[in-house]
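The values are calculated or read from the model by the stated rules, or taken from the named source; none is laboratory data. These numbers were taken from a predicted model, which means no experiment stands behind them. Virtual Cβ from ideal backbone geometry, glycine too; neighbours counted across all protein chains shown.
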Ligand SMILES: NC(=O)c1ccc[n+]([C@@H]2O[C@H](COP(=O)([O-])OP(=O)(O)OC[C@H]3O[C@@H](n4cnc5c(N)ncnc54)[C@H](OP(=O)(O)O)[C@@H]3O)[C@@H](O)[C@H]2O)c1
């Protein structure tokens, strides 16, 4: 069975690598991003395959979410991957190598923090809510949140950026609640840690190439069963403590 997978933040980094991996497996991908006209790699890919559609979505903008929902209309979706995320609300180019002074007690600013929470914690829930009718029409009913090891409360210490760490912890909590809400409908809702990945956010010093992280994540996503709903999984497939 060919699956239809919708991915947020698919124009670069892990989202783009997931798009390419699913396409190479013969799946159909709806790659969403803020500015499709500037998503050059996705635009090139659409010329090579009929299995890719690019749609506009700013996950932090409710009007944009509503417009996507209306464009999709009653199209079934099998898998939703909430991947779009930001590290900082004040520096759009921040990577994990930055010292994140805007996310340390003593200098954190609430406006930047709210922006990170809106993008990383609230938006994945709002996108999920808007696309639930499409997912209910799908066959596999999988919802994947791309989280981070930095969202695991058990690993938290002063090295974790406050806004980002709390945003991923909130995402993990939301995933747990949503997984329970949808359990009776045979949905599997999980949160995945992609590893330290060489992207704009992860920096060029990170362990994993985006292609390797995506290969591992796709393997996990394809094998998910409803019994795994509510789990927090590492890119290697092991459970992570909250
Ligand atoms: N890289 C790592 O080591 C690592 C580790 C743990 C978790 N993660 C998580 O993995 C996910 C992907 O990260 P990445 O490393 O691929 O980061 P990245 O290279 O910085 O890419 C981030 C993606 O999110 C998109 N995005 C940000 N805000 C958005 C919005 N409001 N609406 C739509 N798209 C938005 C970006 O789009 P634009 O191009 O329009 O900005 C871009 O496509 C994130 O959730 C991140 O927290 C990454």
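Here are some notes:
- Some residue of the range 29-36 being under 22 Å from residue 214 (Cα atoms), near the ligand (Cβ under 8 Å from one of its atoms) and at pLDDT below 95: no
- Selected residue [more than 12 Å from the ligand (Cβ to nearest atom), at positive phi and free of Cβ contacts under 8 Å to residues at least 12 places away in the same chain] from 26, 106: 106
- Within this structure, residue 55 passes the test of being part of a strand (DSSP E or B), within 12 Å of the ligand (Cβ to nearest atom) and either out of contact with any helix residue (DSSP H, G or I) (no Cβ under 7 Å at 6 or more places or on another chain) or without any contact (Cβ under 8 Å) to a residue 60 or more places away in the chain (or both).
- All conditions in (1) crowded, with 18+ Cβ neighbours inside 10 Å; (2) assigned to a helix (DSSP H, G or I) hold for residue 69, with the sole exception of (1).
- Scanning the range 212-239 for residues that are buried (at least 16 other Cβ atoms within 10 Å of the Cβ), in contact (Cβ under 8 Å) with a residue 24 or more places away in the chain and either over 17 Å from the mean Cα position of the chain (by Cα) or assigned to a helix (DSSP H, G or I) (or both) returns 213, 214, 215, 217, 218, 220, 221, 226, 228.
- Picking from residues in the range 184-205 that are near the ligand (Cβ under 7 Å from one of its atoms) and surrounded by fewer than 19 Cβ atoms within 10 Å (Cβ to Cβ), the one that is nearest to residue 242 (Cα to Cα) is 196.
- Which numbered condition residue 93 misses (of (1) within 14 Å of the ligand (Cβ to nearest atom); (2) surrounded by fewer than 22 Cβ atoms within 10 Å (Cβ to Cβ); (3) farther than 23 Å from residue 16 by Cβ; (4) at pLDDT below 95): (3)
- All positions within the range 59-89 that are more than 13 Å from the ligand (Cβ to nearest atom) and touching a residue at least 24 places away in the same chain (Cβ under 8 Å): 66, 69, 72, 74, 75, 76, 77, 78, 79, 80
- Test for residue 46: is it in a helix (DSSP H, G or I) and away from the ligand (no atom under 13 Å from the Cβ): yes
- Among the residues of the range 53-67, the one identified as under 18 Å from the mean Cα position of the chain (by Cα) and over 14 Å from residue 9 (Cα atoms) is 62.
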